[in-house]
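A short worksheet on the structure shown next.
Values in this text are rule-based calculations from the coordinates and carry no lab data. This structure is a prediction, so every number in the text was calculated from the model and none was measured. Here the Cβ positions follow ideal geometry from the backbone for every residue, glycine too, while neighbour counts run over all protein chains shown.
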Ligand code: GLU
């Protein structure tokens, strides 16, 4: 049987990075086994519907390259893929369970339900529930006569359909990640499956859809593990073969203290969403990885390793490699701590792998926004030098001094402070000598500049640390950056000479 997996988000807000990871693991598993990756929108709970959330989910997955084979947007053989579009389909399944005596109608009013809970609490029951014991004392088709049930239904009384959970049964299933899960049915209440307003609850819709969509593996977040025994019971009630379950570990806050939740937003200094999001009600804005300048490949690579590893030290993996190596057996049981610094590191690695010409085009665009014009060739050359120290394309803007003309010490208090700290009058003759040599160089190449520099150090018996920072501050106006011989060659002799002369003048009383 070919593998069919699904990502089943509820459109209740933006996609949290944990959701993207669930989609990713489903995607990788499907690709690895030559199966299909489906997307189903679970919107049975209309009260939690958030406008724009479905589009957001679609756009996020597209940005990450996790495009489903079947979805509300492209269709497929088992559609529709949005539960609100399948509304008419669930009633017959609820009826089927009633016919099989696996479910029953319940007519209790909210007041009656409250009274039942109060009664049980007073009797010392910690978690009162509608279950195999309490249903005996409630208003349902098990306690009412067949005629009364019929009459209530025909007169249009409000009702719900509840699962008839067996009183003494052991529910067991083997989770691919967690191993055997065994729960006694006494701990499961008679969950509502269907309501008289015609809508199924999440549990019924989820099971019916997974069955009809021929899902073979349910790969989802750990928060659904407590529902899994109930789901197993529903499969058994129908007499359907159930899919295999794999419950993924939680993603934890960087300090390991609790789950990284949607509410963490930007509070901890990093985004928890893939794309920017503005809450349609409160107007509150949250930032996304895309807009922060992350590459989707880096984001995906980081997420893949948040709860799984290939069993080697390999960290940088393309989606093709991930597909090759991924397996559910290696997914960890314990929560995975999110590491924002590591996430930056991934981006840095992916940025370095980008061709200089591509980074050059991006840099060119950013420079233009800052009113700096240059050629693509020059931007490419500069990008090649700047990328080693950049995490994001934006970081390369640190190198604007490569494109402007004039001393970088002018109107630059930071550079002047640095210079004041480092300047020693003994550096002056060395810089002067270097300047002369540069003026006389036949070829103004990094290698030639470097040997001139080394000659100066030798002749003046000075250490690199006494001269290099001054040379750097004079020419680049900053203490860190790409190699100065490369920088000088890119700037050209005239510009370098001019900046060094200006620097000397600046330092002399
Ligand atoms: N609709 C559920 C969610 O929003 C999906 C649960 C499942 O994958 O079975 O997470």
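One table, with the values for the structure above:
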read-out	value
Taking 319, 161 and counting other C-beta atoms within 10 Å, the order from fewest to most	319, 161
Calculated Rg and Dmax of region 311-396 using C-alpha coordinates, Å	17.4, 53
Where the Cα pairs of region 383-509 fall when distances are cut into 5 Å bins, in %	2, 11, 23, 24, 22, 13, 5, 1, 0
Cβ-based exposure ranking for 337, 387, 121, in which fewest neighbours within 10 Å come first	121, 337, 387
FRET efficiency estimate (nearest 0.05) - Cβ-Cβ, residue 85 to residue 316, R0 51 angstrom	0.80
Binned Cα-Cα distances of region 380-436, short to long, each 5 Å bin given as a whole percent	4, 14, 16, 16, 21, 17, 9, 3
Equivalent ellipsoid semi-axes - Cα gyration tensor, region 246-311, angstrom	23, 16, 10
For q = 0.07, 0.09, 0.10 Å⁻¹, Debye-computed log10 I/I(0) when each Cα of the chain counts as one equal scatterer	-0.57, -0.77, -0.88
Region 41-86: C-alpha pair distances exceeding 16 Å, %	43 percent
Evaluated at q = 0.19 Å⁻¹: base-10 log I(q)/I(0), Debye formula over Cα of region 5-45	-0.55
Packing-based order for 475-483, 24-32, using average beta carbon neighbours within 10 Å, highest first	24-32, 475-483
Between 0 and 90°, nearest 10: helix 413-422 axis offset from the chain longest Cα axis	60 degrees
Potential lengthening between residue 147 and residue 109 on full extension [0.36 nm per residue; Cα-Cα distance subtracted]	11.7 nm
Cα gyration tensor category, rounded, prolate or oblate, for region 137-209 with a/c compared to 1.5	oblate
Calculated FRET value between residue 100 and residue 332, using beta carbons and R₀ = 45 Å, to 0.05	0.70
Residue order, fewest to most surrounding Cβ atoms within 10 angstrom, among 44, 143	143, 44
Helix-only mean residue ellipticity at 222 nm for the chain, each DSSP H run of n ≥ 4 adding -39500 (n - 2.57), per residue, nearest 500	-13000 deg cm²/dmol
Kirkwood hydrodynamic radius over Cα pairs of region 160-303, then Stokes diffusion coefficient at 4 °C and 1.567 mPa s, in µm²/s	72 µm²/s
Estimated distance in nm for a label pair at residue 180 and residue 451, the labels positioned 7 Å out from Cα along Cα-to-Cβ	7.7 nm
DSSP bridge pairs, the chain: antiparallel proportion in percent, nearest 5	55 percent
Equivalent-ellipsoid semi-axes of region 88-138, from the Cα gyration tensor, Å, largest first	27, 12, 9
